[in-house]
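To keep things clear, I will list the structure first and then write my remarks on it.
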Amino acid sequence: MTGAQVLDVAQDGIWTLIYVSSPLMIVGLVVGVVIALFQALTQIQEMTLVFVPKILAIFITMILLLPFMGSMMGGYMNRVADLIISGG
């Protein structure tokens, strides 16, 4: 493999990582902001209040998006395996 091909594989891997992880990160961000807003409006200053809803929201999102995440990672693995089989 040439240096350009290695960089292409690495770039494809980074984009796959971003596509797979971004929905979970966005859900965590939205839930965190909503709970922080709720805490600010009600003046509840409990630091641990945000953890359980955020964990549950991320877990539910991960279960719902697992087929998408698996197909994205499987497609990346197929592209890498094709490059290995073809010899570069």
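Every read-out reported here was derived from the displayed coordinates using simple, explicitly stated rules and does not represent laboratory data. No experiment lies behind these values; they were computed from the predicted model shown. Cβ placement follows ideal geometry from the backbone for every residue including glycine, while neighbour counts extend to all protein chains displayed.
Do the sum for the chain: with -39,500 (n - 2.57) for every DSSP H run of n ≥ 4, divided by all residues, what is the mean residue ellipticity at 222 nm, to the nearest 500 deg cm²/dmol? It would help to have the intermediate numbers written out before the result.
On the way: 2 runs with 76 residues, N = 88.
About -32000 deg cm²/dmol.
Under 20 Å from the 7 Å Cα→Cβ point of VAL9, by amide nitrogen: which residues of region 71-88?
72-88
Calculate how steeply helix 51-86 sits against the longest principal axis of the alpha-carbon atoms of the chain, using the helix alpha-carbon long axis, and give the answer as 0 to 90 degrees to the nearest 10.
The angle comes out near 0 degrees.
Based on the Cα gyration tensor of region 1-42, what are the three equivalent ellipsoid semi-axes, each the root of five times an eigenvalue, rounded to whole Å and given largest first? Show your work: numbers first, answer last.
Details: eigenvalues 308, 10, 3 Å².
Sorted largest first and rounded, they come to 39, 7, 4 Å.
What list of ³J(HN,Hα) values in whole Hz, one per residue of region 36-50 in order, does the Karplus curve 6.51 cos²θ - 1.76 cosθ + 1.60 (θ = phi - 60°) give from phi, with Gly and Pro shown as x?
Those phi angles translate into 5, 5, 4, 5, 5, 6, 9, 6, 8, 10, 8, 6, 8, 5, 7 Hz.
In terms of the Cα gyration tensor, with a ≥ b ≥ c the square roots of its eigenvalues, is the chain rounded because a/c is under 1.5, prolate because a/b exceeds b/c, or oblate?
Numbers: a/c = 5.46, a/b = 2.95, b/c = 1.85.
The shape class here is prolate.
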